[in-house]
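Undergrad: Could you have a look at this structure, given as structure tokens, before my questions?
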Amino acid sequence: MIQLFDVNEENWLELVALRVRQEQEKFLARPVGILARGYVYRACRARVIGIANDGQTVGVALVRDMDEEPACYDLQQFMIDERFQNKGYGTKALRLILALLGQEGKYADAEVCVNKENAAALRMYENVGFIDTGYIDENLPDCLNLMYHFRQEHSMFSSIPISDFSASSGALISDFSACSDTLISDFSTPLFQDAFRQYFSEIGVSVNDWDGLFAEMNNEGDNLAFVRTDRDGKIIGFLQFKPTKFTSWFFEETCGFIREFWIASAFRRMGHGTALLALAENHFRKNNIFTSILTTDSAARFYEKHGYEKAAGCKAKNGDRVFTKRLK
């Protein structure tokens, strides 16, 4: 049985003895390097996780928190010793790690950066449920950025008994399970008005006629918003969107236009932005809208990591960059 275990002064030498095949060495740090990274990234809550099969050490992984947007778990390293590869151990261990992180619940996603030439690793991550975001880090042009969405794969967690874990996970966090998401179509609703007022206050925009502003939103007729609150009813953030029709003399397409998107400062870097974005995208799909479009002047990396691309030749009247994403 595959199990995870904490690394300590009694078993760390078992990890140092692990090896991968020569052709895999260019993709992974050596185990001693993984242990060193665990120390270097300790401020990011880095965890070196041992992997065992029936008590025999077969691999090692390194996970850390990544609080820059999009906030998520960062699977820095993952290796199975060459003697134990092609036995399904890697896939089973990866599922256990994801289930452990999903139960902890600090973030809604986990990401991993994989070299394009590492076909075996790419296949394993994709089989488990990781999706290529399309984002390429300019410092790592040869690598793909893959993202795993815990909420979309929640049913997998319930199928894995807690007894399969031997690593100590500490106190579990259930912030996401305590959140509520409300779909708003009437902008006279106090919940939305409170959220929008907080948003404008934070960005320093003053409004002389609030009633007129919200009435204008209602008069457009097709504005919607998701408002997220915590268990105490405190506003976490909101995402406002609407269908927008693009036409030419011959073609027509309705896109989902994300108009306003805000997360309160106290709730940032916790994955709430990712969750709200996913709600809007799922709403588009359900309504046969398969292109999402938005503008941004400060969050390009967040959107790129979620599959958005700069729309070449498309300009926004406010001068901000335009991004689009095809929704499959």
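Undergrad: Report, in whole Å, the centroid distance computed from the Cα atoms of the stretch 48-108 and the stretch 201-275.
TA: Using only Cα atoms, the two centres lie 36 Å from each other.
Undergrad: Now a separate question. State the Kirkwood hydrodynamic radius of the stretch 1-79 in Å, one decimal place, computed from all pairs of distinct Cα atoms.
TA: Result for the stretch 1-79 stands at 13.1 Å.
Undergrad: Based only on the alpha carbon positions, what is the Kirkwood hydrodynamic radius of the stretch 238-328, in angstrom?
TA: When all Cα pairs of the stretch 238-328 are included, the Kirkwood radius is 13.8 Å.
Undergrad: Beyond 35 Å, what share of the Cα-Cα pairs of the chain is found? Please give it as a whole percent.
TA: 30 percent
Undergrad: Could you derive backbone 3J(HN,Hα) for the stretch 81-86 from the dihedral phi with the Karplus parameters 6.51, -1.76 and 1.60 (θ = phi - 60°), listing whole Hz in sequence and x where the residue is Gly or Pro?
TA: 4, 4, 5, 10, 6, 6
Undergrad: Can you list the residues, at least 5 places off or on another chain, whose amide H is less than 5 Å from the amide H of GLY59, using H built in the peptide plane?
TA: Correct list: ILE51, ASP81.
Undergrad: Quick one: accessible area per residue over the stretch 191-274, 1.4 Å probe, rounded to a whole number of Å²?
TA: Accessible area per residue, the stretch 191-274: 55 Å².
Undergrad: If N is the number of residues in the stretch 44-127, what value comes out of its Cα radius of gyration divided by 2.2 N^0.38 Å?
TA: Expressed relative to 2.2 N^0.38 Å, the Cα Rg reads 1.10.
Undergrad: Report, by chain and number, residues whose modeled amide H sits under 5 Å from the one on GLY237, excluding near sequence neighbours (fewer than 5 apart, same chain).
TA: Excluding prolines and chain starts, which carry no amide H, the hits are ARG228, ALA264.
Undergrad: Can you tell me how the stretch 80-137 classifies by the Cα gyration tensor, rounded, prolate or oblate, using a/c under 1.5 as the rounded cut?
TA: Oblate.
Undergrad: Please state the shape class of the stretch 179-241: rounded when a/c is under 1.5, otherwise prolate if a/b exceeds b/c and oblate if not, all from the C-alpha gyration tensor.
TA: Oblate is the answer for the stretch 179-241, as a/c is 1.5 or above yet b/c matches or exceeds a/b.
Undergrad: Another one. Taking the Cα centre as origin and putting +1 on Lys and Arg beta-carbons and -1 on Asp and Glu beta-carbons, what dipole magnitude results for the chain, to the nearest 20 debye?
TA: Rounded to the nearest 20 debye, it is 560 debye.
Undergrad: Calculate one ³J(HN,Hα) per residue across the stretch 225-231 by plugging θ = phi - 60° into the Karplus curve 6.51 cos²θ - 1.76 cosθ + 1.60, and present them in order as whole Hz with x for glycine and proline.
TA: Going residue by residue, I get 7, 9, 10, 9, 10, 8, 5 Hz, with x marking Gly and Pro.
Undergrad: Rg to Rh for the stretch 174-310: what is it, with Cα atoms only and Rh by Kirkwood?
TA: Result: Rg/Rh = 0.97.
Undergrad: When the expected Rg is taken as 2.2 N^0.38 Å, what fraction or multiple of it is the alpha-carbon Rg of the stretch 1-140?
TA: Working it through for the stretch 1-140, the quotient is 1.00.
Undergrad: Report relative contact order for the stretch 31-148 in percent, whole number only (criteria: Cα-Cα under 8 Å, sequence separation at least 6).
TA: After rounding, I find 17 percent.
Undergrad: What accessible area, in Å² to the nearest ten, does a 1.4 Å probe give for ASP137?
TA: Ignoring ligands and nucleic acids, ASP137 comes out at about 50 Å².
The values are calculated or read from the model by the stated rules, or taken from the named source; none is laboratory data. This structure is a prediction, so every number in the text was calculated from the model and none was measured. Glycine gets a Cβ as well: all are built from the backbone with ideal geometry, and neighbour counts include every protein chain shown. Ligands, DNA and RNA are excluded from the accessible area calculation, which covers all protein heavy atoms including side chains. Shrake-Rupley method; radii C 1.70, N 1.55, O 1.52, S 1.80 Å.
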